[in-house]
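The block underneath contains the structure these notes are about, expressed in structure tokens.
The values are calculated or read from the model by the stated rules, or taken from the named source; none is laboratory data. Treat the numbers as computed from the prediction; the structure is a model and nothing was measured. So basically every Cβ, Gly included, is an ideal-geometry build from the backbone, and we count neighbours across all protein chains shown. SASA here: full protein model, heavy atoms, side chains in, ligands and nucleic acids out. Shrake-Rupley method; radii C 1.70, N 1.55, O 1.52, S 1.80 Å.
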Amino acid sequence: MPAAAATSSTIFGLSTEIIGIWVAALLTLAIYSFLYADNPVYKVAEHIFVGISAAYGAVILYYQALLPKLVKPLIIPLIDRVWHPELADATSPRYTLLVPMFLGLLIFSRFVPKYDWLSRWPIAFVMGLYAGLSIPRSVQEIILKQMHGTMLPLLPRGANGGYDFLTGFSNLLLVMGVICTLAYFYFSARHEGLLGRVSRVGVWFLMVAFGAGFGNTVMARISLLIGRVQFLLYDWLPTIGIHLGGPGMG
Amino acid sequence: MRLHIPIGLGFLAGAFMIVQFFVPHPSFEESYKALMDWTMIIGAFALVLGLQSLFRTHIDKIRRRRQGYGYSFVALISFAVMFMVGIVHGAKPGSLFDWLFMNVQVPLEATIFSLLAFFIASAAYRTFRARTPEATILLLTAVVVMLGRVPIGEFIYAQVPEATEWIMSVPTVAAKRGIMFGVALGVIATSLRILLGIERSHLGGGR
């Protein structure tokens, strides 16, 4: 995807779109310089990425969590009430939000060794909340759904009314695979005899899943590489008068 | 008190979430939404703690003039520029913040991840030597899946893409399902331990 700027303004006679392409291209080349050797240019690009990513996360969290859920409903109405009491139609502050604000502020007690135990309160609250949430959700959305998905017909009928061999074989293999994989993860008994053989088949299924996962990961990375090379060839090179054809910014 | 109050707080929060799951009353649904908002607010404060850790690492490196401390300046300045631009100018599409995201962060992220395409090949060579039946299965599956995702796979043998789809939808699903059952049971067991105060590692050490 071309890294194009959304605006079409200019700086020193150059469009921000062209500047954006150059910035993106130089940073791309800086990162690829690592393929030759670890070097200062790569390290600069790497540290830019660290700083930019951390700031991006902080800004997005501010706009998506702090501003709409705390600042606008509590802080701003509180300030209005104190400094502008004449504003009769001012929104009344949502005082219940003082609780998460107080819990959030307790996190900073970590900076004071004498009172750092207070930071356990918000952590315990959030952990308890998600622990309570995950118990019924795990049962409903994982265990029951996966069990439902595993209850497959072993003698399915095809479109012509006869036995659909391929679907029946796949269904049988899937049910066996789930049982064998679960047997491998059953550690309350020694993996000997029948359990040992079944769990060994479970390992084969796991190897297939890991192999497929690895294959997909490799292809995803190669897809990213193709994307970056296409960007350099069809978006960046045309800006210095080299046109190779193919997909471009259009 | 230092340990019992947070354990009690966690238990009450968790117990409420379990109860509200089974009570489809509007007041419970509103309380659920409010509590989820609370976690986001607390999470925002927790992010400050994470950022403090990042700053401390880099500032310490600069102060002690450790090797490569100049790069720490780069990280801190990048953070300051992106943060100030986002807070002062906003983060809407078309803003300077969006421009920096599209032309600095996105290309850097994509390029760094694409670097793995080179290193994963050498890692695969070292890992994928078919020395055992299990390693052979892993190797064959990975090769079939990789070939099935590119046109050359179909060129070599017409059924390769179909074989890939079958691998992804039958044996892979079977193994993943087994793993998911284990994960779900593990989540339930760990959650119960947290709610009952048996698991306390998230509260740190001390009394």
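What to note about this one:
- Residue count for the stretch A:36-57 satisfying the condition of being within 7 Å of another protein chain (Cβ to nearest Cβ), open to solvent by 50 Å² or more (accessible area, probe 1.4 Å) and under 22 Å from the mean Cα position of the chain (by Cα): 2.
- Among the candidates B:193, B:149, residue that is open to solvent by 50 Å² or more (accessible area, probe 1.4 Å) and at pLDDT 95 or above: B:193
- Cross-chain or 6+ apart pairs with Cβ under 6 Å, the stretch A:122-147 first and facing chain B (nearest Cβ under 7 Å) and closer than 13 Å to residue B:189 by Cα, then at pLDDT below 95 and surrounded by fewer than 23 Cβ atoms within 10 Å (Cβ to Cβ): A:136/B:21
- Put simply, of A:215, A:227, A:168, A:177 the only residue that is closer than 30 Å to residue A:19 by Cβ, out of contact with any Ser or Thr (no Cβ under 6 Å at 6 or more places or on another chain) and surrounded by 13 or more Cβ atoms within 10 Å (Cβ to Cβ) is A:227.
- Failed item, numbered, when residue B:120 is tested on (1) open to solvent by less than 60 Å² (accessible area, probe 1.4 Å); (2) more than 9 Å from chain A (Cβ to nearest Cβ): (2)
- Residues satisfying the stated conditions in the stretch B:73-116, i.e. polar (S, T, N, Q) and within 7 Å of chain A (Cβ to nearest Cβ): B:78, B:103, B:105, B:111, B:114
- Residue B:21 vs. criteria open to solvent by 60 Å² or more (accessible area, probe 1.4 Å) and either within 7 Å of chain A (Cβ to nearest Cβ) or touching an Asp or Glu at 6+ places or on another chain (Cβ under 7 Å) (or both): yes
- Checked against (1) under 26 Å from residue A:68 (Cα atoms); (2) open to solvent by 50 Å² or more (accessible area, probe 1.4 Å); (3) more than 9 Å from chain A (Cβ to nearest Cβ), residue B:4 meets all criteria but (1).
- Residue check, residue B:27 of a type in the set (Gly, Ala, Ser), out of contact with any Lys or Arg (no Cβ under 9 Å at 6 or more places or on another chain), part of a helix (DSSP H, G or I) and surrounded by 12 or more Cβ atoms within 10 Å (Cβ to Cβ): no
- Remark: pairs (first residue in the stretch A:178-201, among the polar types (S, T, N, Q); second residue open to solvent by 40 Å² or more (accessible area, probe 1.4 Å); Cβ separation under 6 Å; 6+ apart in sequence or on different chains) = A:199/A:184; A:199/A:191.
- Given (1) small (Gly, Ala, Ser); (2) closer than 30 Å to residue B:202 by Cα; (3) touching an Asp or Glu at 6+ places or on another chain (Cβ under 7 Å), number of the condition residue A:132 does not satisfy: (3)
- The one condition from (1) assigned to a helix (DSSP H, G or I); (2) under 20 Å from residue B:31 (Cα atoms); (3) open to solvent by 40 Å² or more (accessible area, probe 1.4 Å) that residue A:148 does not meet is (2).
- Considering residues of the stretch A:63-95 that are at the interface with another protein chain (Cβ under 7 Å from one of its Cβ atoms) and either without any contact (Cβ under 8 Å) to a residue 12 or more places away in the chain or not in a helix (DSSP H, G or I) (or both) only, the residue most open to solvent (accessible area, probe 1.4 Å): A:63
- Just one residue in the set B:62, B:41 is assigned to a helix (DSSP H, G or I), more than 9 Å from chain A (Cβ to nearest Cβ) and open to solvent by less than 40 Å² (accessible area, probe 1.4 Å); that residue is B:62.
- Single condition residue A:187 does not satisfy, out of (1) more than 8 Å from every other protein chain (Cβ to nearest Cβ); (2) in a helix (DSSP H, G or I): (2)
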